Each structure stands twice: as C-alpha cells, then as structure tokens.
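J.: One structure coming up, written as structure tokens, with questions to follow.
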Amino acid sequence: MVAVWRSAMALEAVDLVKTYSAGRNKPPVTALQGLSFRAAKGTVFGLLGPNGAGKSTTVKILSTLSVADSGSARVAGIDVAAKPDRVRQAIGFVAQKPGTDPMGTATENLLLAGRIHGMSRRDAKARAGELIDRFGLADAANRPVSTYSGGMARKLDVALGLMHRPQVLFLDEPTTGLDPQARSEMWHEIAGMATDEQMTVLLTTHYLDEADHLADRLAIVDHGTVVAEGTPEELKSELRGDAVQVELAEADGRARAVLQRVPELREITMDGCTVRGRTDDGARALPPVLGALEDAGIGVTSATLARPSLDDVYLRHTGHSLETAGDEDPKGLEAAK
Amino acid sequence: MTTTQMEPVGTRPLTVITHSAFLTGRLLRTLWRMPTFLVIGLVQPVIWLLLFGQLFRSVVNLPGFTPGSGGFLQFLTPGVVMMTALFASAWAGTTYLQDIDRDVMDRLLTSPASRGAMMCATMAYQAIQTVVQSLVIVGIALIAGARFPGGVAGVGITVLAAVLLALAFSALSNGVALLTRQQATLIAISQFTTLPLMFLSSAVMDLHLAPSWVGDVAGYNPVEWAVVAARQAMLAHTDRGTVGTRLGLLTAVVLVMGLLATRAFRAYRKST
C-alpha cells in the first residue's frame, strides 16, 4: 500500500537541475537549471514550453526514469530519489512515442500492463474491457496494434497509463502528431480524466490552445526553469487589458512616435507594417489610435482588438513566440544560449 | 462503463518470477505470430551442417584427429548447435533496442516491473528459441546419417549446454544494448566477439590439428566449454567430470553476465 500522504500536493519539484553530457570535448547541455513547481491533488497541471525547454526531462525525473543532478521531487508524497519503487506503483506514464507492443492486440497490451501492476487476471480483464469501450477501441481490440491509426494508437497509450488507476498520470505531449479530429477526441478524454479517475495529471505540451483548454494550472518553462506559473486566466490577466493590432498600408517609421502620444496605448512595438500595443479598454483606445494615424497621414488597412492569449503571456515571459520557437530543433535551441 | 473501484490496485508485491513469466509470454507471443526469425536462424546452421559435413568429411581421417569420435557429422553437430546458440543470442539485445526505440522500455521502467525480471524474460525467451533450434539441428543431423551413442541423455546435455551459452550471451547482448542503445554498435560488438570465439574453439575443427596456442586460449572460451560438454555427452562412454566442470563454469558465466547486464539498467537510467 502507498503510504498515507497528508499534503494536498500530488507533485512537488524543488530546484531540479539536470545536465547531459553532449559527448567528448563538448560542454554538457543544461536541460534543467533550478526548475520548481507544485501541483495539487486532483488537478491537471500543464508544463508549457517549446521543444528543448526541459519539459520531458522534468517528466523523466518525476517518473523515476532519470535522476536529477540536484534538487528534490515528490510524487504522490513519495520522494522520487529515495523510493523510486513506491513512486512506480503510484504513477501512470504515457511517453511521447508509443509505449505499446505493436505485435500485441489492445487487450493483450492492457492485460500485460495490469498484471505487471499486480492486478488479478479477472480485475485486469474487466478494467481492460472498460478502457477499450471508453476509448472507442472495441472494434480493434483484437487486432495487432501495428494496424492502428495514429489516433487509435495514442488512445491505447493513454489507456495503458490508466490501466492500474494511478494516483498521478504523466502525459508527455499527448497530442503531438495527431490530426485535428483525433486531437479534439483526445482533449475530450483528458478533460474528464482528473475528475472521473480522481487523479492528478501532469501534461506537457507545446500547444498553447491545449494548455489553455486542459490545464487547471500551468507553468511556462523556458531554458530549464519555470518563468511563470498560475491558472491560464491568472496568467492572461497579468497582462492587463487588450491587445491592439494595427496593420499599416505601408511600413512607416513615424507610426511608433505618433502612437506614443496616444495616452491610452502602451507597450508599443512595430514589426514591418504591423504595430502592436496594449490598452486597458480596447473600445475606448481604438478611435484615438486611428485618429492619430489619420492626422499624421499614415494609411491603415485594418485594426483589431484581442483579449490576451497565452501566446501573449508566453511572449511576455520568454521574449519569443511559442509558435516560432516550437519549430526549432531542441539541440539548436540549447546551443543558441 | 462499469463502476470505478475506489481501492488502489496493483500495489501487491509480485515476485521476479511472475513478472518474468508475463514478459516472456509477451515475447513468445510475438515469436508465435512471426516465427520468421526462428526459421531464418536455422537456415545457416543447416547449411553448415550439410555442406561442411560433406565438404570436410575426410578431415576425420587426418592423422591427429581424435580417434573414436565417429564420423565428421557427429563431430560437427555439437559445434553447429553451439554456433547457432551463440549467433542467435548475440542478437538478443535487438529486442531491447526495439523497445527503446518505441517507448516500451520507458513505460516498463516507470512501472513496478522488476529489472531482474526484464532481464530474465529476454534471456528465457532466447533460451526457449535455443531449445527448439538445437533439437531441430540434432534431428537434421540424425536424418543426414549422424549417430550419437550418448543417446537421449547426451542430446539433453547438449541442449542444456546450448541453453547456458545462449543465456550468457543474451545477457551480454542485452547489457551492450542498454549501454550503447545503437543497433550498429550492437552488430559490431556481436560480430567482434562471436566469430573469434567460434574459431578459437573446437566447434568445427579438432584442436589437436590447430596450433597449440589456440588450444590454450580455448581453455578459457565459454563456447569451447559448451562444445566439449556436448561432444563428451554424445559419446558412448561419457566422462562425467569433464561435462560437469564445463556446465558448472557456464552456469557461473550466466550468473555473472546476468547480474552485470541487470546493473546496466542503472547506467541507462543515469544517462536518460
């Protein structure tokens, strides 16, 4: 039995540091440099960041796959460094790549996972059947996994992680590589998971909309540390107010100076024909902005107002947009430091 | 959907043995569905047995060839059985590499599956294949005209020696797979070890006909121990002491290799 644990925290990471050897005559790569976060029981906690930010390394340390150079971590109240065996009984792990045996069927894969976790044959059969129904795999349950579509295989991966009803489930990039349809189905599954199964989910993702949609709380991870943490709403409201975006008819360097004289607008940035700014009340700010540009004789093709998005949060804390950063090669990102 | 049980499951202690059985079962199921490798693994030894058996038939007539060892086919059969066990088990690490390549390995390592059981399962799987292949080779040799005065007991000891050899080298191969995680490195190391071990033994040639240093080196070669034990057991009058010491040495190698290879999981964890 897993020891009674009184803390309300299902996951606690404190000052995790991890470096990897990059090979002979090369400086070691720092994956984590003092990463800390806490996730409460029964919640979905998101780690958001580009490839190479340190999300997967964090998951590997918490799931006992890897050992931190320094720092400490507790999962379900158990110290991962001191009692990895106990942690393994309490967690489910869904890696980035498929964790299924391609020559086995869904049922066989699930039964093996259940039996390894000490379930009786009867319990394991009942639970496998339940998960197969729930993930809509009934028609394919007795086919080898090698015949599955990407979405089906991914669902089975998640089902494998859930088989033994873990207290904490790790989902490492659960929807990467899935088509939009499969992705929305997976979201639907994950959303109900924390409540239905009474467990804590640690989700890593580099999709902002996924973090926004699924995570109760999230930490933005960049270069191996947490740069911001909170609920998606908190993080967005920290930015105070709406984003104003004006597209100019042609690039005009005067636009910035002109707009700086508009008192309602702040944090003005220019990028080619696009001018961005921030305001407490978009509806009141837009007329003076357009007026000032018209008075200066600067043509405007469009003007938009937007509530702050997580991408704005991300941009603010890391200095780069996730959409572009996510495409970079992780090694390149490390080397660029 | 059925109701969700509240009490946590999967926390009862399980022994290495049950986990080994589950994991071996998975590997055997794959083999049953795709027995190609088992069959392909037999093509080469059968060619050796039949082709070499014919080609070098008159070797037994050379002066110096141990008298009373029967025809060349009888001499060759234990050698071919051991070569087959050796070459097949040197590839055993491939199963781990496939599991690492998908994230099956990581999922097992984050589960309560015991490392010892993960090691035992791949070794047991290799041993079962070796039993099947060894019996097929002996069967073909019998059909081709070889006679083994050692009888059923002799064949049993031959299979046992082959199994011990397979266990030792599959553990080695698994350890290399865990440490290097590269198919190319595994192939290179397998070839670098198996070929010299085979030719520094009496598998295909009586060592009385080889330079004396080869015989000296062969005394420390596990492949030679297995070949000697099997060849002795196949004789009409078996020297039990010779068989016993060789099997004992092989068992010791299996234990050491198994323990070392299981320790390689730690290095795998450190470098992940």
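J.: What is the average number of partner chain Cβ atoms found within 10 Å of a Cβ in A:101-107?
T.: Whole-number average of other-chain Cβ neighbours for A:101-107 is 4.
J.: How many partner chain Cβ atoms sit within 10 Å of a residue's Cβ in peptide B:96-109, on average, as a whole number?
T.: 6
J.: As a test of the definition: which semi-axes, in Å, follow for the protein assembly as shown when you take the square root of five times each eigenvalue of its alpha carbon gyration tensor? Largest first, please.
T.: For the protein assembly as shown, the ellipsoid semi-axes come out as 63, 26, 21 Å.
J.: Right, another one. Evaluate the charge dipole of chain B about its Cα centre and quote only its size in Debye, nearest 20, assuming +1 on the Cβ of each Lys and Arg and -1 on the Cβ of each Asp and Glu.
T.: The calculated dipole for chain B is roughly 460 debye.
J.: Could I ask something else about it? Which whole number gives the average count of other chain Cβ atoms within 10 Å of the Cβ atoms across peptide A:59-68?
T.: 4
J.: Taking the Cα centre of the protein assembly as shown as origin, sum charge times position over the Cβ atoms of Lys and Arg (+1) and Asp and Glu (-1), and report the length of that vector in debye to the nearest 20.
T.: With Lys and Arg at +1 and Asp and Glu at -1, about 2800 debye.
J.: Where does each of B:Met34, A:Met103 land when they are ranked from fewest to most other beta-carbon atoms within 10 angstrom?
T.: By the 10 Å Cβ count, ascending, the order reads B:Met34, A:Met103.
J.: Measuring from the lowest to the highest alpha carbon on each principal axis, how far does region A:9-231 reach, largest first, in angstroms?
T.: The Cα atoms of region A:9-231 stretch 49, 40, 37 Å along the principal axes, largest first.
J.: Helix-derived [θ] at 222 nm for the protein assembly as shown: sum -39500 (n - 2.57) over DSSP H runs of at least 4, divide by residue count, nearest 500?
T.: About -16500 deg cm²/dmol.
J.: Same structure again: About the Cα centre, and with charges only on the beta carbon of Lys, Arg (+1) and Asp, Glu (-1), how big is the dipole of region A:240-307? Nearest 20 debye, please.
T.: Dipole magnitude for region A:240-307 comes out near 240 debye.
J.: Next question, about the same structure. Quick one: 3J(HN,Hα) in Hz for region B:104-116, Karplus 6.51/-1.76/1.60 with θ = phi - 60°, rounded, Gly and Pro as x.
T.: Karplus-based 3J(HN,Hα) across region B:104-116 equals 4, 4, 5, 5, 5, 5, 8, 9, x, 4, 6, 4, x Hz.
J.: Between A:Gly99 and residues 5 or more places away or on another chain, which pairs have amide H atoms under 5 Å apart, with H built 1.01 Å from N, and which residues are they?
T.: B:Asp103
J.: Among B:Thr262, B:Ala90, B:Pro35, which residue has its Cα positioned farthest towards the positive end of the charge dipole of chain B, with +1 placed on the Cβ of Lys and Arg, -1 on the Cβ of Asp and Glu, and the dipole taken about the Cα centre?
T.: Result: B:Thr262, furthest along the dipole toward the positive end.
J.: For chain B, state the semi-axes of the equivalent ellipsoid (square roots of 5 times the eigenvalues of the alpha-carbon gyration tensor), sorted largest first and rounded to whole angstrom.
T.: So the equivalent ellipsoid measures 38, 19, 17 Å along its semi-axes.
J.: Moving on to the next point. Please list, in chain and number order, the residues 5+ apart from A:Val227 or on another chain whose amide H is under 5 Å from its amide H, with Hs placed from the backbone.
T.: Hits under the 5 Å cutoff: A:Ile220, A:Val221, A:Asp222.
J.: Tell me which of A:Met103, A:Val59, A:Ala141 sits at the most positive position along the dipole axis of region A:9-231, charges placed on C-beta atoms (Lys, Arg +1; Asp, Glu -1).
T.: Checking the options against the dipole of region A:9-231, the answer is A:Met103.
J.: Let me ask something else about it. Could you list A:Glu294, A:Glu250, A:Glu189 in order of exposure, starting from the residue whose Cβ has the fewest other Cβ atoms within 10 Å?
T.: A:Glu250, A:Glu294, A:Glu189
J.: Put +1 on the Cβ of every Lys and Arg and -1 on every Asp and Glu Cβ in region A:9-231; which of A:Thr19, A:His223, A:Val158 then has its Cα farthest towards the positive end of the dipole?
T.: Towards the positive end, the residue furthest out is A:Thr19.
J.: Let me ask something else about it. Just report the Cα centroid separation between region A:127-141 and region A:44-106, whole Å.
T.: Centre-to-centre distance over Cα atoms comes out at 25 Å.
J.: Going by how many other Cβ atoms sit within 10 Å of their own, how do B:Ile17, B:Ile100, B:Ile143, A:Ile220 line up, fewest first?
T.: B:Ile143, B:Ile17, B:Ile100, A:Ile220
J.: Treating region A:240-307 as a set of equal point scatterers at the Cα positions, no solvent, please give the Debye-formula log₁₀ I(q)/I(0) at q = 0.13 Å⁻¹.
T.: Reported log10 I(q)/I(0), two decimals: -0.28.
J.: If you don't mind, another one. In whole Hz, what ³J(HN,Hα) sequence does region B:235-244 give by Karplus (6.51, -1.76, 1.60; θ = phi - 60°), x for Gly and Pro?
T.: With the stated coefficients, region B:235-244 comes to 6, 5, 10, 7, 7, 4, x, 4, 4, x Hz.
J.: Kindly express, to the nearest 10 degrees and within the range 0 to 90, the angle between helix A:106-116's C-alpha long axis and the longest C-alpha principal axis of chain A.
T.: For helix A:106-116, the angle is close to 70 degrees.
Laboratory data are not the source of any read-out in this text; all were calculated from the coordinates shown. This is a predicted model, so every value here is computed, not measured. Don't worry about glycine lacking a Cβ; one is built from the backbone with ideal geometry, like all the others, and counts go over all protein chains shown.
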